[in-house]
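Here the structure comes first, spelled out in structure tokens, and everything after it is commentary.
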Amino acid sequence: MAKRPIIWAPDPVLKTKCTPVSAVDDEIRALMDDMLDTMYAAPGIGLAAPQVGVTKRVIVVDVSEKDEPNAPICLANPEIVWKSDETAPHEEGCLSLPDLYADVERPVAVQVRYLDRDGASQELAAEGLLAICLQHEIDHIDGILFVDHLSALKRNMFLKKMVKAKKTRAREEAA
Ligand code: K1U
Ligand code: ZN
């Protein structure tokens, strides 16, 4: 298992509609393991494959509390098969948009179908933070960032901040 670098917006890989996984094989399981290492190290509560430069439909999530044992969920080809009519705003962050946070309005509950680490088809009923995180990660594999749910004004302000942050990071890495 290995930690991989997280790609920061703006980057074309984060705008890519990712390709379905044809089978959950050892390569996909190794990707899932690396994504979990990367997510826990960040730290974060979710991660999608394009955030580590892989344009495949793979996500990982773990919304367990600090004082609880880890509860990772690895999902290949996740799809939302049901969402609640009720929506609510919730503050979101993104490891590809560090230090930027905004309220995003989303359905409060979803049902997600996916392939697990063994390639078996599963369904997960989620509400609360898990539902929000799953929607955020499934957006990532469709090339959508949480800022795409905001007004153009706010989105452009965030993206300008990211261009600045990336320039600063590049200068620091070169020094
Ligand atoms: O996909 C990502 O960029 C990960 C992102 C997931 C997410 C956060 C909030 C709402 C929806 C989806 C993060 O994990 S950002 C970091 C974060 O939220 C967090 C970090 C440490 C402890 C608790 C939360
Ligand atoms: Zn994100």
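Quick rundown of the values:
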read-out	value
Filter result for the condition that a residue is among the basic types (K, R), within 13 Å of ligand 1 (Cβ to nearest atom) and in contact (Cβ under 8 Å) with a residue 24 or more places away in the chain, over R113, R117, R106	R106
Criterion violated by N77 - all others in (1) polar (S, T, N, Q); (2) assigned to a strand (DSSP E or B); (3) surrounded by fewer than 16 Cβ atoms within 10 Å (Cβ to Cβ) satisfied	(3)
Residues (more than 17 Å from I132 (Cα to Cα) and more than 8 Å from ligand 1 (Cβ to nearest atom)) located in region 44-63	A49, P50, V52, G53, V54, T55, K56, R57
Filter result for the condition that a residue is farther than 26 Å from V13 by Cβ and either within 14 Å of ligand 1 (Cβ to nearest atom) or more than 17 Å from the chain's Cα centre (by Cα) (or both), over T38, T87	T87
Residue among V163, V110, V81 that is more than 18 Å from M35 (Cβ to Cβ), hydrophobic (A, V, I, L, M, F, W, C) and touching a Leu at 6+ places or on another chain (Cβ under 9 Å)	V110
Matching residues in region 57-66 - criterion: being more than 12 Å from the chain's Cα centre (by Cα) and either in a strand (DSSP E or B) or at pLDDT below 95 (or both)	K66
Residue among L100, L129 that alone is within 27 Å of K56 (Cβ to Cβ), of a type in the set (A, V, I, L, M, F, W, C), within 15 Å of ligand 1 (Cβ to nearest atom) and touching a Phe, Trp or Tyr at 6+ places or on another chain (Cβ under 9 Å)	L100
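Here is a yes/no grid of residues against (1) surrounded by 15 or more Cβ atoms within 10 Å (Cβ to Cβ); (2) in contact with a strand residue (DSSP E or B) (Cβ under 9 Å, 6 or more places away or on another chain); (3) more than 22 Å from L159 (Cα to Cα); (4) in contact (Cβ under 8 Å) with a residue 24 or more places away in the chain:
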{"residue": "P12", "(1), (2), (3), (4)": "no, no, no, no"}
{"residue": "K15", "(1), (2), (3), (4)": "no, no, no, yes"}
{"residue": "V21", "(1), (2), (3), (4)": "yes, yes, yes, yes"}
{"residue": "E27", "(1), (2), (3), (4)": "no, no, yes, no"}
{"residue": "D37", "(1), (2), (3), (4)": "yes, no, yes, yes"}
{"residue": "A41", "(1), (2), (3), (4)": "no, no, yes, yes"}
{"residue": "G46", "(1), (2), (3), (4)": "yes, yes, no, yes"}
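The values are calculated or read from the model by the stated rules, or taken from the named source; none is laboratory data. All values reported here derive from a predicted model rather than from experimental measurement. Don't worry about glycine lacking a Cβ; one is built from the backbone with ideal geometry, like all the others, and counts go over all protein chains shown.
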